[in-house]
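Read the structure below first, then the notes.
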Ligand SMILES: [Zn+2]
Ligand SMILES: [Zn+2]
């Protein structure tokens, strides 16, 4: 049958016949070579070979001590009633609350920090904002003082709301700076900026932290972001209801773009402290994959902290949200298991 076909083909066009035979030979040779492990294009290789998974690149982290922490306090909060905030600082600090701070003014001030003099005290901040705010209230905070501070705009200003979206002013910008000049030499981070939303007549979204930045003595700026922990414990809640509530206890103490250090944030709650210690001793939570190793890896960009050092290299997708994992970093550099590098 095949022979008849080939003879017919040869009689029809000898050149075409030779081309077909040569092509068949080349394909066969390539397949044979492929089986023997020679490097041939992947298209010709047998398909049962599994794709090799590349290890997730590790993000290099720098450990820095952040002397500032600011949380939203309890109780009702709105533009009229004011907002309660709870600072927790390692050093005596000044808390400056800028109500109705201009969005562009704040962006300008943060840029000025990078280019000009560092915004290390409230006066420099006010100047950098070009006084583009409705009201400024300052508090002096001692290092062991974790009491809530209530900040409010004076009623005589008559500010009821900050207008419709998109807005030109943030309701509240809370800035923490170190009070003592000598303390400023000891820390790389010179101030912390927290942008807070609080409801008013025209926009009723509940009170929440919108952004949190840390400014360094070198003129850099880091945004603090919460980590998403896979643990079930919800911890003590002090703030208003929040979709990310269950990650809050660690989020405030562990998350930092530039830092994985939980040291700087002092904790006031016994429960909090216990949790933190458990965490550091590595018996707090187990890896969601092997259920055995201690969670020590944060996957980026989704920020899920859910796997141990050993399991991190086995995934290209986050086991929680299926997002592609671009990088990961370790929460603690202490050897917790098999990882050696
Ligand atoms: Zn694991
Ligand atoms: Zn994820």
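The values are calculated or read from the model by the stated rules, or taken from the named source; none is laboratory data. Because the structure is a prediction, the values reported are computed rather than measured. All Cβ positions, glycine included, derive from the backbone under ideal geometry; neighbour counts span all protein chains shown.
Among 160, 218, 212, 126, which is the only one that is buried (at least 16 other Cβ atoms within 10 Å of the Cβ) and outside any helix (DSSP H, G or I)?
Within the list 160, 218, 212, 126, the selection yields 212.
I'm told residue 323 meets every condition in (1) under 17 Å from the mean Cα position of the chain (by Cα); (2) within 16 Å of ligand 2 (Cβ to nearest atom); (3) at pLDDT below 90 except one. Can you identify the failing condition by its number?
Here residue 323 clears every test but (3).
Kindly indicate whether residue 154 is farther than 23 Å from residue 199 by Cα and surrounded by fewer than 13 Cβ atoms within 10 Å (Cβ to Cβ).
Spelling it out, it is not the case that residue 154 is farther than 23 Å from residue 199 by Cα and surrounded by fewer than 13 Cβ atoms within 10 Å (Cβ to Cβ).
So, in the range 82-108, of the ones that are in a loop (DSSP other than H, G, I, E, B) and in contact with a strand residue (DSSP E or B) (Cβ under 9 Å, 6 or more places away or on another chain), which residue ends up nearest to residue 207 (Cα to Cα)?
Within the range 82-108, the match that is nearest to residue 207 (Cα to Cα) is 88.
Only one residue in 297, 303, 280, 285 is within 30 Å of residue 148 (Cβ to Cβ) and either modelled with pLDDT of 90 or more or within 12 Å of ligand 2 (Cβ to nearest atom) (or both). Which one?
It is 303.
Output the qualifying pairs, or none if there are none: Cβ atoms under 8 angstrom, residues six or more apart or on different chains, first residue in the range 302-319 and under 12 Å from residue 286 (Cβ atoms), second residue part of a loop (DSSP other than H, G, I, E, B) and near ligand 2 (Cβ under 8 Å from one of its atoms).
306/318; 306/319; 306/320; 307/319
Look at residue 259 and say whether it is more than 15 Å from the chain's Cα centre (by Cα), surrounded by 15 or more Cβ atoms within 10 Å (Cβ to Cβ), modelled with pLDDT under 50 and more than 16 Å from ligand 2 (Cβ to nearest atom).
For residue 259, the condition - more than 15 Å from the chain's Cα centre (by Cα), surrounded by 15 or more Cβ atoms within 10 Å (Cβ to Cβ), modelled with pLDDT under 50 and more than 16 Å from ligand 2 (Cβ to nearest atom) - is not met.
Within the group 339, 316, 248, which residue is modelled with pLDDT under 50 and more than 15 Å from ligand 1 (Cβ to nearest atom)?
From the options 339, 316, 248, the qualifying one is 248.
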